[in-house]
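A short worksheet on the structure shown next.
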Amino acid sequence: MVTALLLSGGTGTRMGVETPKQYIEINGKPIIAYGLQTLLSHEGVDAVQIVADEMWREVILTCMDRLQGGGNEDVSPVKRDRGIDKFRGFSAPGKNRQLSILNGLADIGTYAADSDYVLIHDAARPLLSADLITACLNAVAGHDGALPVLPMKDTVYFSEDGERITSLLERSRIYAGQAPEIFVYGRYYEANRALLPERILKINGSTEPAVMAGMDIAMIPGDEGNFKITTRSDLERFREIIHR
């Protein structure tokens, strides 16, 4: 069983807007709807759990109504309560991204086995492709996890104090991680729990707890188009792509 954990608990503070970026409407639907539709429609994804603040859950339910009803606004309350068959429920956001993931993992544990897989994706990466999901599912076989990565194009430097160059890093051995990331559920859940209560607050990337726990994580080629909307320029880039 593969459960997709879609992270949509961010507040969008770096963009300086009142509406979190994943709920900004582009071409008639919120940004979260794009990646959500890809996850729900992928044959390899069996369940979807969503981390979202309570005030935005109605927006997400409406998105799923429209996806399931083919754009029909007159979806019955019963159908809306059930949602799309794969949708299992909402999880509460945490103090940081990794605690949000932990909350989602705890809820997934009510219906998933330790040997199952969890596929973690960001609602702010709307251009997720079915091919990339498939590549993750194929790559995790025989490993504890897998993630897409991009090679570094620029020269990379290391600085001890943030003011002067300390050393040059070998670019050919450094990669930028993307999402979705897939892990064996039980091992990944325990890797995160082991970082409580303080160390988990310093985690920036989903794969960090897995690496710290000694899990075997495979790498696959990432997708340049699978960018994360973080700044206003990212938002405009996505808007232009959709309008094209």
Task: Local electrostatic count at Arg88 - Lys and Arg +1, Asp and Glu -1, tallied over other residues with Cβ under 11 Å - done: -2
Task: Extension gain from Asn96 to Asp46, taking 0.36 nm per residue of separation minus the Cα-Cα distance - done: 15.3 nm
- [ ] Add +1 for every Lys or Arg and -1 for every Asp or Glu among the other residues with Cβ under 15 Å from the Cβ of Leu105, and state the total.
- [x] -3
TODO: Determine the gain in length on full extension of the stretch Thr19-Met55; use 0.36 nm per residue of separation and subtract their C-alpha separation, reporting nm with one decimal.
DONE: 11.8 nm
Task: Straight-distance crosslink candidates among lysines, where the alpha carbon sits under 17 Å from Lys202 and sequence neighbours closer than 8 are dropped - done: Lys95
Open item on the list: Could you tell me how far the Cα centroid of segment 82-152 sits from the Cα centroid of segment 33-63, in Å?
Closed with: 12
Open item on the list: What does DSSP give for the chain in terms of the percent of beta bridges that are antiparallel, rounded to the nearest 5?
Closed with: 40
Task: For Leu169, distant residues with modelled amide H under 5 Å away - done: Val156, Tyr157, Phe158
Open item on the list: Counting pairwise Cα distances across the chain, what percent come out greater than 35 angstrom?
Closed with: 13
Open item on the list: I want to verify a result. In a Gaussian network model of the chain, Cα cutoff 10 Å, which of these has the top mean-square fluctuation: Asp85, Asp122, Asp53?
Closed with: Asp85
TODO: Starting from the Cα of Lys86, draw a straight line to each of the lysines and keep only those under 26 Å, dropping any in the same chain fewer than 8 residues away.
DONE: Lys21, Lys29, Lys228
- [ ] Net charge near Arg199: determine it from the other residues with C-beta under 12 Å of the C-beta of Arg199, scoring Lys and Arg +1 and Asp and Glu -1.
- [x] 0
Task: Ranked Ile241, Ile31, criterion: other C-beta atoms within 10 Å, fewest first - done: Ile241, Ile31
Task: Helical contribution to [θ] at 222 nm, DSSP H n ≥ 4, -39,500 (n - 2.57), averaged over the chain, rounded to 500 - done: -9500 deg cm²/dmol
TODO: Between Arg187, Arg97, Arg199, find the one with the highest GNM mean-square fluctuation for the chain; connect C-alpha pairs within less than 10 Å.
DONE: Arg199
Open item on the list: Can you compute 3J(HN,Hα) from phi for each residue in segment 28-42, using the Karplus curve 6.51 cos²θ - 1.76 cosθ + 1.60 with θ = phi - 60°, rounded to whole Hz and x for Gly and Pro?
Closed with: x, 8, x, 4, 4, 5, 5, x, 4, 4, 5, 5, 5, 8, 7
Task: Inter-probe distance in nm under a simple model that places probes 7 Å from Cα toward Cβ, at Thr155 and Leu201 - done: 3.9
Task: Gyration tensor verdict on segment 126-227 (Cα atoms; rounded if a/c is under 1.5, prolate if a/b is larger than b/c, oblate otherwise) - done: oblate
- [ ] Mind pulling up the Rg/Rh value for segment 179-244? Radius of gyration and Kirkwood radius, both on Cα.
- [x] 1.12
Open item on the list: Pick from Thr62, Thr19, Thr166 the residue whose mean-square fluctuation is largest in a GNM of the chain, springs joining Cα atoms under 10 Å.
Closed with: Thr166
Open item on the list: If I model a spin label at Asp85 and Leu168 as a point 7 Å from the Cα along the Cα→Cβ vector, what separation in nanometres do I get?
Closed with: 5.7
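Every number here is computed from the coordinates shown, using simple stated rules; none is lab data. Because the structure is predicted, anything quoted here is derived from the model rather than measured. Note: ideal-geometry Cβ built from the backbone for every residue, glycine included; neighbour counts use all protein chains shown.
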